[in-house]
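The values are calculated or read from the model by the stated rules, or taken from the named source; none is laboratory data. For clarity, every value in this text was computed on a predicted model and none was experimentally measured. Cβ sites come from the backbone with ideal geometry, for glycine too, and all protein chains shown count toward neighbours. Ligands, DNA and RNA are stripped out before the accessible areas are found, and what is left, the full protein with its side chains, is counted by its heavy atoms. Shrake-Rupley method; radii C 1.70, N 1.55, O 1.52, S 1.80 Å.
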Amino acid sequence: PHGAASLAVEDLVAGYGDVLALDRVTISATAAGITAVLGANGAGKTTLLRAISGMVRPRRGRILLNGANQAGRSPEDMARAGITHVPEGHGVIAELTVEENLRLGMMSWPGMTSRRADRAAALAEAYERFRVLADRRRKLAASLSGGERQMLVIARALVARPRVLLLDEPSLGLAPRVMTQVMDMVMRLSKESGITTVLVEQNARAALAIADHGVVLNVGRVVAAADARTLAADVALRHHYLGF
Ligand code: ATP
(Lines give C-alpha, C1' and ligand atoms only; values in the text may rest on other atoms or scores of the structure.)
Protein backbone atom coordinates (compact mmCIF):
# COMPACT_ATOMS: atom_id res chain seq x y z
CA PRO A 1 0.00 0.00 0.00
CA HIS A 2 1.13 3.55 -0.77
CA GLY A 3 0.27 7.02 0.46
CA ALA A 4 0.19 8.79 3.79
CA ALA A 5 -2.08 7.33 6.39
CA SER A 6 -3.57 8.78 9.51
CA LEU A 7 -3.15 6.72 12.65
CA ALA A 8 -4.95 7.29 15.92
CA VAL A 9 -5.21 5.27 19.08
CA GLU A 10 -8.21 5.85 21.33
CA ASP A 11 -8.73 4.73 24.90
CA LEU A 12 -6.37 1.82 24.46
CA VAL A 13 -6.03 -0.63 27.34
CA ALA A 14 -3.46 -3.43 27.10
CA GLY A 15 -1.27 -5.48 29.38
CA TYR A 16 0.20 -8.81 30.32
CA GLY A 17 -1.70 -10.88 32.86
CA ASP A 18 -2.09 -8.68 35.91
CA VAL A 19 0.20 -5.98 34.54
CA LEU A 20 -1.70 -3.06 33.07
CA ALA A 21 0.83 -1.61 30.60
CA LEU A 22 -1.47 0.88 28.84
CA ASP A 23 -4.33 2.52 30.68
CA ARG A 24 -6.73 4.32 28.32
CA VAL A 25 -4.06 5.73 26.04
CA THR A 26 -5.11 8.13 23.32
CA ILE A 27 -2.66 9.39 20.72
CA SER A 28 -2.90 10.81 17.28
CA ALA A 29 0.05 10.38 14.93
CA THR A 30 0.78 13.10 12.39
CA ALA A 31 0.02 11.80 8.89
CA ALA A 32 3.26 11.70 6.89
CA GLY A 33 5.12 13.02 9.94
CA ILE A 34 6.99 11.74 12.96
CA THR A 35 5.36 11.23 16.33
CA ALA A 36 7.82 10.57 19.15
CA VAL A 37 6.65 8.36 22.00
CA LEU A 38 8.72 9.12 25.08
CA GLY A 39 8.90 8.12 28.72
CA ALA A 40 10.97 6.17 31.22
CA ASN A 41 11.55 2.40 31.26
CA GLY A 42 8.28 0.59 31.80
CA ALA A 43 6.16 3.53 30.69
CA GLY A 44 4.42 1.36 28.10
CA LYS A 45 6.07 2.60 24.91
CA THR A 46 6.94 -0.82 23.53
CA THR A 47 3.52 -2.19 24.44
CA LEU A 48 1.91 0.66 22.53
CA LEU A 49 3.80 -0.31 19.36
CA ARG A 50 3.01 -4.00 19.95
CA ALA A 51 -0.68 -3.19 20.26
CA ILE A 52 -0.66 -1.12 17.06
CA SER A 53 1.05 -3.91 15.11
CA GLY A 54 -1.24 -6.60 16.51
CA MET A 55 1.40 -8.38 18.59
CA VAL A 56 -0.46 -7.56 21.79
CA ARG A 57 -4.23 -7.78 21.73
CA PRO A 58 -5.85 -4.67 23.21
CA ARG A 59 -8.36 -5.27 25.98
CA ARG A 60 -10.24 -2.13 25.11
CA GLY A 61 -10.05 0.82 22.77
CA ARG A 62 -9.60 1.53 19.10
CA ILE A 63 -6.71 1.65 16.65
CA LEU A 64 -7.82 3.77 13.73
CA LEU A 65 -6.03 3.57 10.41
CA ASN A 66 -7.53 6.17 8.08
CA GLY A 67 -10.53 6.15 10.36
CA ALA A 68 -11.14 2.39 10.26
CA ASN A 69 -10.80 0.46 13.50
CA GLN A 70 -8.14 -2.27 13.34
CA ALA A 71 -7.99 -3.22 17.03
CA GLY A 72 -7.86 -6.97 17.56
CA ARG A 73 -6.56 -7.87 14.10
CA SER A 74 -3.59 -10.23 13.72
CA PRO A 75 -0.01 -9.04 13.08
CA GLU A 76 -0.31 -10.43 9.52
CA ASP A 77 -3.47 -8.39 8.90
CA MET A 78 -1.85 -5.29 10.35
CA ALA A 79 1.17 -5.77 8.07
CA ARG A 80 -1.13 -6.15 5.08
CA ALA A 81 -2.94 -2.97 6.11
CA GLY A 82 0.41 -1.19 5.76
CA ILE A 83 1.71 -1.15 9.33
CA THR A 84 5.37 -2.18 9.58
CA HIS A 85 6.87 -2.69 13.03
CA VAL A 86 10.60 -2.68 13.72
CA PRO A 87 10.90 -4.06 17.28
CA GLU A 88 13.65 -3.01 19.65
CA GLY A 89 16.94 -4.77 19.02
CA HIS A 90 15.50 -6.29 15.88
CA GLY A 91 18.61 -7.34 14.09
CA VAL A 92 19.60 -8.29 10.63
CA ILE A 93 20.29 -11.93 9.80
CA ALA A 94 24.06 -12.03 9.96
CA GLU A 95 24.42 -15.17 7.81
CA LEU A 96 22.50 -13.65 4.90
CA THR A 97 23.77 -11.04 2.48
CA VAL A 98 22.59 -7.44 2.57
CA GLU A 99 20.36 -8.09 -0.41
CA GLU A 100 18.89 -11.28 1.04
CA ASN A 101 18.04 -9.34 4.19
CA LEU A 102 16.35 -6.66 2.09
CA ARG A 103 14.30 -9.28 0.24
CA LEU A 104 12.91 -10.49 3.56
CA GLY A 105 11.22 -7.11 3.85
CA MET A 106 9.05 -7.99 0.85
CA MET A 107 7.64 -11.17 2.38
CA SER A 108 4.46 -9.40 3.44
CA TRP A 109 3.69 -8.27 -0.11
CA PRO A 110 0.56 -9.86 -1.43
CA GLY A 111 1.03 -12.15 -4.45
CA MET A 112 4.77 -11.84 -4.35
CA THR A 113 5.47 -14.37 -7.10
CA SER A 114 3.96 -12.24 -9.84
CA ARG A 115 5.71 -9.00 -9.06
CA ARG A 116 9.33 -9.47 -10.06
CA ALA A 117 9.64 -5.99 -11.60
CA ASP A 118 8.11 -4.35 -8.53
CA ARG A 119 10.57 -6.14 -6.32
CA ALA A 120 13.50 -5.05 -8.44
CA ALA A 121 12.21 -1.47 -8.29
CA ALA A 122 11.87 -1.59 -4.52
CA LEU A 123 15.44 -2.85 -4.19
CA ALA A 124 16.72 -0.15 -6.54
CA GLU A 125 14.90 2.47 -4.50
CA ALA A 126 16.42 1.19 -1.27
CA TYR A 127 19.91 1.20 -2.76
CA GLU A 128 19.40 4.69 -4.09
CA ARG A 129 18.55 5.92 -0.64
CA PHE A 130 21.03 3.78 1.28
CA ARG A 131 24.21 4.04 -0.78
CA VAL A 132 26.27 2.20 1.79
CA LEU A 133 24.01 -0.83 1.34
CA ALA A 134 24.29 -0.71 -2.44
CA ASP A 135 28.06 -0.93 -2.17
CA ARG A 136 27.74 -4.01 0.03
CA ARG A 137 24.76 -5.79 -1.40
CA ARG A 138 26.63 -9.09 -1.87
CA LYS A 139 28.40 -8.95 1.49
CA LEU A 140 27.16 -10.82 4.53
CA ALA A 141 25.25 -8.65 6.98
CA ALA A 142 27.75 -9.90 9.59
CA SER A 143 30.37 -7.66 7.98
CA LEU A 144 28.40 -4.43 8.57
CA SER A 145 29.08 -1.93 11.36
CA GLY A 146 26.42 -1.22 14.00
CA GLY A 147 25.20 1.86 12.18
CA GLU A 148 25.08 0.08 8.82
CA ARG A 149 23.09 -2.76 10.36
CA GLN A 150 20.56 -0.30 11.70
CA MET A 151 20.33 1.28 8.24
CA LEU A 152 19.70 -2.20 6.82
CA VAL A 153 16.96 -2.84 9.38
CA ILE A 154 15.27 0.42 8.38
CA ALA A 155 15.75 -0.24 4.67
CA ARG A 156 14.23 -3.70 5.09
CA ALA A 157 11.20 -2.13 6.78
CA LEU A 158 10.90 0.30 3.87
CA VAL A 159 10.84 -2.25 1.10
CA ALA A 160 7.67 -3.54 2.75
CA ARG A 161 6.23 -0.22 1.48
CA PRO A 162 4.62 0.72 4.77
CA ARG A 163 2.06 3.45 5.25
CA VAL A 164 2.80 3.45 8.96
CA LEU A 165 6.28 2.72 10.29
CA LEU A 166 6.70 1.83 13.97
CA LEU A 167 10.30 2.19 15.12
CA ASP A 168 11.30 0.99 18.58
CA GLU A 169 14.55 2.57 19.79
CA PRO A 170 16.47 2.70 16.51
CA SER A 171 19.31 4.57 18.22
CA LEU A 172 19.89 1.90 20.88
CA GLY A 173 23.54 1.02 21.33
CA LEU A 174 24.84 3.31 18.60
CA ALA A 175 27.69 5.79 19.02
CA PRO A 176 26.44 9.42 19.12
CA ARG A 177 27.63 10.30 15.63
CA VAL A 178 26.08 7.18 14.12
CA MET A 179 22.89 7.78 16.07
CA THR A 180 22.64 11.23 14.48
CA GLN A 181 22.97 9.66 11.02
CA VAL A 182 20.21 7.16 11.76
CA MET A 183 17.93 9.93 13.08
CA ASP A 184 18.61 12.05 9.99
CA MET A 185 17.68 9.07 7.84
CA VAL A 186 14.42 8.54 9.73
CA MET A 187 13.57 12.21 9.28
CA ARG A 188 14.30 12.20 5.55
CA LEU A 189 12.24 9.06 5.05
CA SER A 190 9.21 10.56 6.64
CA LYS A 191 9.58 13.83 4.74
CA GLU A 192 10.33 12.34 1.35
CA SER A 193 8.23 9.18 1.40
CA GLY A 194 5.26 10.52 3.34
CA ILE A 195 5.33 7.62 5.78
CA THR A 196 3.52 8.13 9.06
CA THR A 197 6.19 7.29 11.61
CA VAL A 198 5.83 6.47 15.30
CA LEU A 199 9.24 6.67 16.92
CA VAL A 200 9.82 5.22 20.39
CA GLU A 201 13.01 6.60 21.89
CA GLN A 202 14.82 6.55 25.19
CA ASN A 203 16.82 9.47 23.84
CA ALA A 204 14.09 12.10 24.06
CA ARG A 205 16.28 15.00 22.98
CA ALA A 206 17.30 13.30 19.73
CA ALA A 207 13.75 12.14 19.03
CA LEU A 208 12.20 15.56 19.59
CA ALA A 209 14.81 17.11 17.32
CA ILE A 210 13.33 15.25 14.34
CA ALA A 211 9.71 14.73 15.43
CA ASP A 212 6.72 16.88 14.56
CA HIS A 213 4.76 15.83 17.57
CA GLY A 214 5.45 14.02 20.83
CA VAL A 215 3.60 11.99 23.43
CA VAL A 216 4.97 11.32 26.90
CA LEU A 217 3.88 8.17 28.72
CA ASN A 218 4.27 7.46 32.40
CA VAL A 219 3.26 4.11 33.89
CA GLY A 220 0.82 3.44 31.10
CA ARG A 221 -0.79 6.87 30.89
CA VAL A 222 -0.33 9.87 28.63
CA VAL A 223 1.03 12.74 30.72
CA ALA A 224 1.77 15.16 27.89
CA ALA A 225 1.09 15.48 24.17
CA ALA A 226 2.10 18.48 22.08
CA ASP A 227 4.18 19.57 19.14
CA ALA A 228 7.81 18.59 19.51
CA ARG A 229 9.10 22.12 20.08
CA THR A 230 6.68 22.76 22.89
CA LEU A 231 7.70 19.54 24.65
CA ALA A 232 11.42 20.21 24.19
CA ALA A 233 10.98 23.69 25.70
CA ASP A 234 9.13 22.46 28.78
CA VAL A 235 11.79 22.41 31.48
CA ALA A 236 9.65 20.74 34.13
CA LEU A 237 8.52 18.01 31.76
CA ARG A 238 12.08 17.39 30.63
CA HIS A 239 13.23 17.16 34.21
CA HIS A 240 10.46 14.83 35.38
CA TYR A 241 9.98 12.54 32.41
CA LEU A 242 12.47 13.10 29.62
CA GLY A 243 15.85 13.04 31.31
CA PHE A 244 17.46 16.00 29.58
P1 ATP B 1 11.32 -0.08 27.96
O2 ATP B 1 11.96 1.14 27.42
O3 ATP B 1 11.99 -0.62 29.16
O4 ATP B 1 11.04 -1.13 26.92
P5 ATP B 1 8.58 0.68 27.77
O6 ATP B 1 8.16 2.06 28.02
O7 ATP B 1 8.70 0.24 26.38
O8 ATP B 1 9.90 0.40 28.54
P9 ATP B 1 6.94 -1.62 28.13
O10 ATP B 1 8.03 -2.52 27.68
O11 ATP B 1 5.80 -1.40 27.23
O12 ATP B 1 7.54 -0.23 28.55
O13 ATP B 1 6.42 -2.15 29.53
C14 ATP B 1 5.25 -1.66 30.18
C15 ATP B 1 4.96 -2.52 31.41
O16 ATP B 1 4.62 -3.84 30.99
C17 ATP B 1 6.12 -2.66 32.35
O18 ATP B 1 5.62 -2.70 33.66
C19 ATP B 1 6.73 -3.99 31.97
O20 ATP B 1 7.37 -4.58 33.06
C21 ATP B 1 5.50 -4.78 31.57
N22 ATP B 1 5.82 -5.80 30.55
C23 ATP B 1 6.37 -5.60 29.33
N24 ATP B 1 6.45 -6.75 28.64
C25 ATP B 1 5.94 -7.71 29.44
C26 ATP B 1 5.74 -9.12 29.29
N27 ATP B 1 6.09 -9.76 28.16
N28 ATP B 1 5.19 -9.78 30.33
C29 ATP B 1 4.84 -9.14 31.46
N30 ATP B 1 4.99 -7.82 31.67
C31 ATP B 1 5.54 -7.11 30.66
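Angle of helix 176-193 to the longest C-alpha principal axis of the chain, folded into 0 to 90 degrees and rounded to 10: 80°. The slack in the chain from Leu172 to Glu125, taken as 0.36 nm per residue of separation less the alpha-carbon distance, amounts to 14.3 nm.
I want the antiparallel fraction of DSSP beta bridges within the range 87-244, as a percent rounded to 5.
About 60 percent, rounded to the nearest 5.
Extension gain Arg188-Ala236, at 0.36 nm per residue separation less the Cα-Cα distance, in nm?
Taking Arg188 through Ala236 to full extension adds about 14.3 nm, to one decimal.
With a sphere of radius 15 Å drawn around the Cβ of Ala81, what net charge do the other residues whose Cβ falls strictly inside it have (Lys, Arg +1; Asp, Glu -1)? Value of the local net charge: +3.
Entry comment: accessible area of the chain is 46 Å² per residue, from protein heavy atoms only and a probe of 1.4 Å.
Ranking Ser28, Ala224, Asn41 by Cα position along the charge dipole of the chain, where only Lys, Arg, Asp and Glu carry charges on their C-beta atoms, puts Ser28 farthest toward the positive end. Taking the C-alpha atoms only, the angle from helix 116-129 to the longest principal axis of the chain is near 70 degrees. With the whole protein complex present, Met187 retains an accessible surface near 60 Å², based on a 1.4 Å probe.
Sum -39500 (n - 2.57) across every DSSP H segment of at least 4 residues in the chain, then divide by the residue count to get the 222 nm mean residue ellipticity, nearest 500.
Value at 222 nm, helices only: -9500 deg cm²/dmol.
Placing a label point 7 Å from the Cα of Arg221 along the Cα-to-Cβ direction, the residues of the range 52-90 with a backbone N closer than 18 Å are 60-61. In terms of the mean number of neighbouring beta-carbon atoms within 10 Å, the peptides 157-167, 116-126 order highest first as 157-167, 116-126.
I need the Kirkwood Rh of the chain: take the reciprocal of the average 1/r across all distinct C-alpha pairs and report it in angstrom. Here the Kirkwood hydrodynamic radius works out to 18.2 Å. Put a dot 7 Å past the Cα of Ala40, heading toward its Cβ, do the same for Asp11, and the two dots end up 3.0 nm apart.
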